[in-house]
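These notes concern the structure reproduced below.
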Amino acid sequence: MESEDRITSRANPRFKALKVSLAEGGHRRTRTLLLGSKLIEAWAEVARTDAGSRFKPLIWLRLEGAKTHSLERRLHLETWILGEALMRDLSEAGSPPEHAILVELGPETSGVLPGKVIVPWGIQDPGNLGAILRSAAAFGFEMVLLGPGCADPFSPKALRGTMGAAFLMPIRRCEELAPDEGHWFALQGGEDAIPIAEADLGGPLRLLVGNEGHGWVGTELPGSIRFLAIPTQGVESLNAAVAAGIACYECARRQRP
């Protein structure tokens, strides 16, 4: 294990610099935090994969009084021991985690899209975005194509909400859609939508999830993208994350040998 430093004041220059480095969001973000032992362990399990290796550990943060984590020894990082108020300040939570890691974000992947891609578009709530990513990862999607207007998937709070899903799939940002020859479907009810039971969900598959409030209203989609409906009874529509979970499951069920 490398050196340990105890930091108890928000006025500490290194703590202030850490806060500044975490303040940038969206495509400007270069650093973030893995908060809590569970999230750190989830990253460590896939750290050598393409998606996991994007997170490069820099500094281990340990709550004052907490025991040393086994990974802390193995990673050979510099350790900062933070007082409770400082750790709570970083985590933006009532109960501060005992452990966190400051990580640097590597560059996005490029190249041809893989077989199954989830495409959140204008998903503003970090909780909804995290739930969509978890469903996509659970049902075999291989990449996230993140459209404009989405919450920052790499903010400490959003990463914690994904419960490790952000380590399982590469996340690539895009400002406009340029559909390839895959099957592109946008979740949306209405008369023009294809019921999910009748849709060809074979690969390559690209599944778009629109804004929680207004869906695709005001968004100009390429003509090759078809609307996909999940039939419901008694309710007008489903929560975006719920609809995405159902659709991801149905895609996996159809493609299962």
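Average 1/r across all pairs of distinct alpha carbons in segment 180-257, invert it, and you get the Kirkwood radius: 13.0 Å. Given R0 = 45 Å, the distance between the Cβ atoms of L105 and D192 translates into a calculated FRET efficiency of 0.70. Projecting the Cα atoms of V242, A100, T49 onto the charge dipole of the chain, computed from C-beta unit charges around the Cα centre, puts A100 farthest toward the positive end.
For segment 36-125, give the magnitude of the charge dipole about the Cα centre (Cβ charges: +1 Lys/Arg, -1 Asp/Glu; no others), in debye to the nearest 20.
Numbers: 10 positive and 13 negative charges, 72 e Å.
Rounded to the nearest 20 debye, it is 340 debye.
With the gyration tensor restricted to C-alpha atoms of the chain, the semi-axes of the equivalent ellipsoid amount to 38, 18, 16 Å, longest first. Of the whole protein surface, C248 contributes about 0 Å² of accessible area at a 1.4 Å probe radius.
Per residue, the chain reaches -8000 deg cm²/dmol at 222 nm when only DSSP H runs of four or more residues are counted, each adding -39500 (n - 2.57).
Taking GluC sites (Glu not before Pro) across segment 66-112, the ones in a DSSP loop with at most 14 further Cβ atoms lying within 10 angstrom of their Cβ are E92, E108. Which of the pairs K19/K67; K38/K157; K56/K157; K16/K157; K19/K157 have their Cα atoms more than 22 Å apart in this structure? Where the Cα-Cα span goes over 22 Å, the pairs concerned are K19/K67.
The values are calculated or read from the model by the stated rules, or taken from the named source; none is laboratory data. Keep in mind that what you see is a predicted model, and the values were worked out from it rather than measured. Counting neighbours? That spans all protein chains shown, and the Cβs are built from the backbone with ideal geometry, glycine included. These accessible areas exclude ligands, DNA and RNA; they are computed on the full protein's heavy atoms, side chains included. Shrake-Rupley method; radii C 1.70, N 1.55, O 1.52, S 1.80 Å.
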